[in-house]
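For reference, the structure discussed in these notes is given below.
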Amino acid sequence: MSGRFITFEGGEGAGKSTQARMLADLLEARGLNVVLTREPGGTPGAEAIRELLLDNRHDWDVRAEALLFAAARSDHVENAIGPALDRGDWVVCDRFIDSSRAYQAGGDDLSDDAILSLHTIGSFALMPDVTFLLYAETDAIASRLAARDGDESDRIGGRPAEYHARVAQRFRDLAAMDPERFILIDASGTPDVVHERVLRAMAPLLGEGG
Ligand code: TYD
């Protein structure tokens, strides 16, 4: 079976990293070659840009921020995701282009088209085959984040609740615009329960029927 490109998206603290890892482990256990990666980051160059992006000492405006995310993604696609897909590996990525569309667009400054143009320049407009959008009630997320980050939230994670509510709405809008690619996953419950929901949705992709 040839490789697929699967992404996990959603707001902060929805459990994307855990679910991406659990899915990658499962695919590997089935004998598939899997690359588990994340954004911003995934290559040494993109991880260096990640540091710049998330460091509270910098005050990037929204355009510079969008360009830096696009630059990090370009390096990631060129040096990790693209080669893996060319080999026929499966790629499981914690955040990708839809995070830029949800976080950097949607305000007054940048349109979705502008973000997609940057993606065309940076990454040949590569889109995932499947995107799992993990959604959870805001209160549940707030308590997970408090447990995870305490006072250590990063430059974007530390933005006000209204910003994150807008991002969550943007993700829902993106999913509604592209129902073929997006699969909505209720992120409430234990990691095992959420993993089961992901697996059920994965079955057709693994040739196991619906
Ligand atoms: P990270 O710690 O990876 O995310 P999470 O909180 O999901 O564990 O931090 C990445 C931050 O960068 C997160 O706040 C989302 C944000 N982000 C964007 O704003 N645009 C993007 O394109 C990407 C990939 C991430």
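Checked against (1) modelled with pLDDT of 95 or more; (2) out of contact with any Asp or Glu (no Cβ under 6 Å at 6 or more places or on another chain), Thr43 passes all but a single condition, namely (2). Assess whether Pro191 counts as being exposed (fewer than 14 other Cβ atoms within 10 Å of the Cβ) and within 19 Å of Asp108 (Cβ to Cβ). The answer is no for Pro191. Go through (1) surrounded by fewer than 21 Cβ atoms within 10 Å (Cβ to Cβ); (2) among the aliphatic types (A, V, I, L, M); (3) touching a residue at least 60 places away in the same chain (Cβ under 8 Å) for Ala14 and report which single condition fails. Going through the list (1) surrounded by fewer than 21 Cβ atoms within 10 Å (Cβ to Cβ); (2) among the aliphatic types (A, V, I, L, M); (3) touching a residue at least 60 places away in the same chain (Cβ under 8 Å), Ala14 breaks only (1). The set of residues from segment 39-77 being among the basic types (Lys, Arg) and in a helix (DSSP H, G or I) comprises Arg50, Arg63, Arg73.
Among the conditions (1) among the polar types (S, T, N, Q); (2) closer than 16 Å to Pro128 by Cα; (3) within 16 Å of the ligand (Cβ to nearest atom); (4) modelled with pLDDT under 95, Ser2 misses just one, which is (3). Can you pull out the residues in segment 108-140 that are part of a helix (DSSP H, G or I), modelled with pLDDT under 95 and small (Gly, Ala, Ser)? Hit for segment 108-140 is Ala140, nothing else. Tell me whether segment 77-91 contains one or more residues that are within 14 Å of the ligand (Cβ to nearest atom) and within 20 Å of Arg159 (Cβ to Cβ). For segment 77-91, residues within 14 Å of the ligand (Cβ to nearest atom) and within 20 Å of Arg159 (Cβ to Cβ): absent.
Among the residues of segment 92-107, just one is more than 11 Å from the ligand (Cβ to nearest atom) and assigned to a strand (DSSP E or B), namely Val92. Return yes when Arg166 is of a type in the set (Lys, Arg) and either in contact with a strand residue (DSSP E or B) (Cβ under 8 Å, 6 or more places away or on another chain) or at pLDDT below 90 (or both) and no when it is not. The answer is no for Arg166.
Scanning segment 42-76 for residues that are more than 19 Å from the chain's Cα centre (by Cα), within 12 Å of the ligand (Cβ to nearest atom) and either without any contact (Cβ under 8 Å) to a residue 24 or more places away in the chain or under 20 Å from Leu110 (Cα atoms) (or both) returns a single hit, Trp60.
Regarding Glu12, is this residue in a loop (DSSP other than H, G, I, E, B) and near the ligand (Cβ under 8 Å from one of its atoms)? It is true that Glu12 is in a loop (DSSP other than H, G, I, E, B) and near the ligand (Cβ under 8 Å from one of its atoms).
When Ser100, Ser143, Ser74, Ser153 are checked against the criterion of being modelled with pLDDT under 90, among the polar types (S, T, N, Q) and surrounded by 15 or more Cβ atoms within 10 Å (Cβ to Cβ), a single residue qualifies: Ser153.
The values are calculated or read from the model by the stated rules, or taken from the named source; none is laboratory data. As the structure is a computational prediction, the values presented were derived from the model and not from experiment. Every residue, glycine as well, gets a Cβ built from its backbone with ideal geometry; the counts of neighbours run over all protein chains shown.
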